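A short write-up of the structure that comes next.
The values are calculated or read from the model by the stated rules, or taken from the named source; none is laboratory data. Remember, it's a predicted structure, so these values are computed and weren't measured experimentally. Backbone-built Cβ (ideal geometry, glycine too); neighbour counts: all protein chains shown.
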Amino acid sequence: MHSSDGLTAARRDAYSGGVTGLTVGWDHDVELLLDFLNTRHVLDSEASWRAWVTERGLGRSSEITQARAARAALRSSIEGSSGPQTAAGVVHIELTDGVPVLSSSDALGAVLAASARLAVLGSWERFKICPADDCQRAFFDRSRNRSRTWCSMQVCGNREKARTFRKRTRAQNSTLATV
Ligand SMILES: [Zn+2]
């Protein structure tokens, strides 16, 4: 089978890098970044941030203020909003078996290294923020033509459809009432 999957797998191998001794692949990078983007309350306290970092074996936890700023910047760049667009963290280039790979020794570095790898692979545009006001979850659009709008069609997509329908019905009713 000559598919893009083969190519992706090859690229995954080429770009996988070491983060605190772990071999990190493409899926891992996607999951880590989504997880970080969706840490809504994790960054409310030092304790929950440290627990989040330890659970994932990301090394030292970075300054919480830096983590908050990086999360805000990553989210606004994904949304294409006018918010901050720079994120600071320490990422090292290590030569592993003669190949330069991104690595890090703290949590924010790990997240930013994953973001950089995914951008190089052309996967960055697949990260999206669900536009439903009460959702705002980050998700990864795996559809062939990157056409997904909602984190979940079953939940946010259908809810929005119902809302639009109600609005339209209301508008029609009020038009009838004024005639
Ligand atoms: Zn949603």
Problem - Residue match in region 79-88 (condition: touching a strand residue (DSSP E or B) at 6+ places or on another chain (Cβ under 6 Å), buried (at least 17 other Cβ atoms within 10 Å of the Cβ) and not charged (D, E, K, R)) - result: no
Exercise for the section: For region 162-176, indicate whether the set of residues that are surrounded by 11 or more Cβ atoms within 10 Å (Cβ to Cβ) and of a type in the set (A, V, I, L, M, F, W, C) is non-empty. Expected result: no
Exercise for the section: Go through the residues of region 63-70 one by one and say whether even a single one is surrounded by fewer than 16 Cβ atoms within 10 Å (Cβ to Cβ), within 16 Å of the ligand (Cβ to nearest atom) and of a type outside the set (S, T, Y). Expected result: no
Practice task
Check whether at least one residue in region 163-173 is without any contact (Cβ under 8 Å) to a residue 40 or more places away in the chain, within 16 Å of the ligand (Cβ to nearest atom) and out of contact with any helix residue (DSSP H, G or I) (no Cβ under 6 Å at 6 or more places or on another chain), and report yes or no.
Solution key: yes
Practice task
Taking only region 115-131 into account, find how many residues are touching an Asp or Glu at 6+ places or on another chain (Cβ under 6 Å) and within 15 Å of the ligand (Cβ to nearest atom).
Solution key: 2
Practice task
With respect to L74, determine if the residue is touching a Phe, Trp or Tyr at 6+ places or on another chain (Cβ under 9 Å) and surrounded by 19 or more Cβ atoms within 10 Å (Cβ to Cβ).
Solution key: yes
Practice task
Name the one entry in V111, V99 that is over 21 Å from R40 (Cα atoms), more than 16 Å from the ligand (Cβ to nearest atom) and among the β-branched types (V, I, T).
Solution key: V99
Exercise for the section: Just name the residue that is surrounded by the most Cβ atoms within 10 Å (Cβ to Cβ) out of those in region 46-62 that are polar (S, T, N, Q) and without any contact (Cβ under 8 Å) to a residue 12 or more places away in the chain. Expected result: S48
Handout entry: Flag for C135 being touching a strand residue (DSSP E or B) at 6+ places or on another chain (Cβ under 6 Å), modelled with pLDDT of 90 or more, assigned to a loop (DSSP other than H, G, I, E, B) and hydrophobic (A, V, I, L, M, F, W, C)
Key = no
Exercise for the section: Hey, can you tell me all the residues within region 139-159 that are more than 10 Å from the ligand (Cβ to nearest atom) and crowded, with 16+ Cβ neighbours inside 10 Å? Expected result: F140, D141, R148
